[in-house]
1. Is it true that some residue in the range 244-257 is open to solvent by less than 90 Å² (accessible area, probe 1.4 Å), within 16 Å of the ligand (Cβ to nearest atom) and modelled with pLDDT of 95 or more?
2. Assess whether ALA29 counts as being aliphatic (A, V, I, L, M), in the same structural domain as ILE96 (by TED's automatic domain parsing) and not in a strand (DSSP E or B).
3. Let me confirm something: among TYR194, TYR218, which residue is more than 13 Å from the ligand (Cβ to nearest atom), in contact (Cβ under 8 Å) with a residue 40 or more places away in the chain and hydroxyl-bearing (Ser, Thr, Tyr)?
4. How many residues does the range 197-215 hold that are within 16 Å of the ligand (Cβ to nearest atom) and open to solvent by 40 Å² or more (accessible area, probe 1.4 Å)?
5. Quick check on LYS64: is it modelled with pLDDT of 95 or more, open to solvent by 30 Å² or more (accessible area, probe 1.4 Å), out of contact with any strand residue (DSSP E or B) (no Cβ under 9 Å at 6 or more places or on another chain) and under 29 Å from ALA179 (Cβ atoms)?
6. Let me confirm something: among ARG84, ARG72, which residue is basic (Lys, Arg) and part of a helix (DSSP H, G or I)?
7. Against the condition assigned to a strand (DSSP E or B) and closer than 28 Å to GLU77 by Cβ, how does SER200 come out, does it pass?
8. Give the range 86-116 a look and list any residue that's open to solvent by 20 Å² or more (accessible area, probe 1.4 Å) and touching a Leu at 6+ places or on another chain (Cβ under 6 Å), or say none.
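The values are calculated or read from the model by the stated rules, or taken from the named source; none is laboratory data. From a predicted model like this one, the values you see are computed outputs, not experimental measurements. Glycine gets a Cβ as well: all are built from the backbone with ideal geometry, and neighbour counts include every protein chain shown. Calculation scope for accessible area: heavy atoms of the full protein, side chains included, ligands and nucleic acids excluded. Shrake-Rupley method; radii C 1.70, N 1.55, O 1.52, S 1.80 Å.
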Amino acid sequence: MAIVLGENQYGKAENRVVRIDRGLDDDEAHRITDLNVSVALSGDMADTHLTGANDKVLATDTQKNTVFAFARDGIGEIEAYGLRLARHFVDSQESIHHSTVSIESYPWTRLGHHSFSRSGEGTRTAVVSYDGVKAQVTGGIKDLTVLNSTGSEFWGFPRDRYTTLGETTDRILATAVSATWRFAVEDTDWAKVYEAARDSLLEAFADTHSLSLQQTLYAMGTRVLETVPELDEVSLSLPNKHHFLVDLEPFGLDNPGEVFFAADRPYGLIEGTVRREA
Ligand SMILES: O=c1[nH]c(=O)c2[nH]c(=O)[nH]c2[nH]1
């Protein structure tokens, strides 16, 4: 039986790029862009795998340098920066047929003219893939931690011999939102879309009376698509960050729904995609 090389890709992962823009605003304040950029390339890579001939291999070290060099004259929105990089690798190297550039942008809040604190409002993400003809842009957010201290129920589920979970009409609902959204367009106001999608996720989480995290997921995805016409699909990954009421009876105390144990694992993982019908 013959043995063949299957799917493969390679690239420099997790390039940590920080750019300071100085004096762009009226008050001359600095601005910071703090990114984690991963490049993955594929194409005519049989030789290097089969014989070790590297004449078609754009070194991952070169990829890293390119990521930094492309930041020299401004980064701009991460979707646009990703597009510039993704197109460059394929368009400049005959042996590279497909590129994927994945970017995380860490949020900083300005404290003053040149001082910042890392903020917890979620990490903006983008993934750009390019095949020499068509670019596909995906935006998103991760690590957006949210909690509703009431307005969440979970009941009506099947009970079998292994079921111990009680039904509840009032629980804490908490999650760390990871969402990605697919753009129906190749160019747009990337920042405006990000703000609108993020606001929609937060608003839907806050104002949905939840009967399950699955229902909340669908409400969040729907709200994004209703608000942002540039998007045609939203995928969500929602860990159910369980908060268990602590039994204080051994200490002679009651617990009228006030003291909880925040468990970190295991957690329910609720995932789903909401899309416009074709
Ligand atoms: O919103 C929820 N969905 C579930 O599927 C589930 N399963 C569970 O044990 N608790 C919950 N909560």
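1. Step one: filter the range 244-257 for residues open to solvent by less than 90 Å² (accessible area, probe 1.4 Å), giving 246, 248, 252, 255-257.
Of the ones still in play, those that are also within 16 Å of the ligand (Cβ to nearest atom) are none.
The answer is no; no qualifying residue exists.
2. Details: aliphatic (A, V, I, L, M): yes; in the same structural domain as ILE96 (by TED's automatic domain parsing): yes; not in a strand (DSSP E or B): yes.
The answer is yes for ALA29.
3. TYR194
4. Let us first name the residues in the range 197-215 that are within 16 Å of the ligand (Cβ to nearest atom), namely 204-205, 208-215.
Remaining after also requiring open to solvent by 40 Å² or more (accessible area, probe 1.4 Å): 209, 211, 214-215.
Qualifying residue count, the range 197-215: 4.
5. Working: modelled with pLDDT of 95 or more: yes; open to solvent by 30 Å² or more (accessible area, probe 1.4 Å): yes; out of contact with any strand residue (DSSP E or B) (no Cβ under 9 Å at 6 or more places or on another chain): no; under 29 Å from ALA179 (Cβ atoms): yes.
No: the conditions fail for LYS64.
6. On the way: ARG72 fails: part of a helix (DSSP H, G or I).
Just one listed residue meets the conditions, ARG84.
7. No.
8. Those that are open to solvent by 20 Å² or more (accessible area, probe 1.4 Å) and touching a Leu at 6+ places or on another chain (Cβ under 6 Å): GLN93, SER105.
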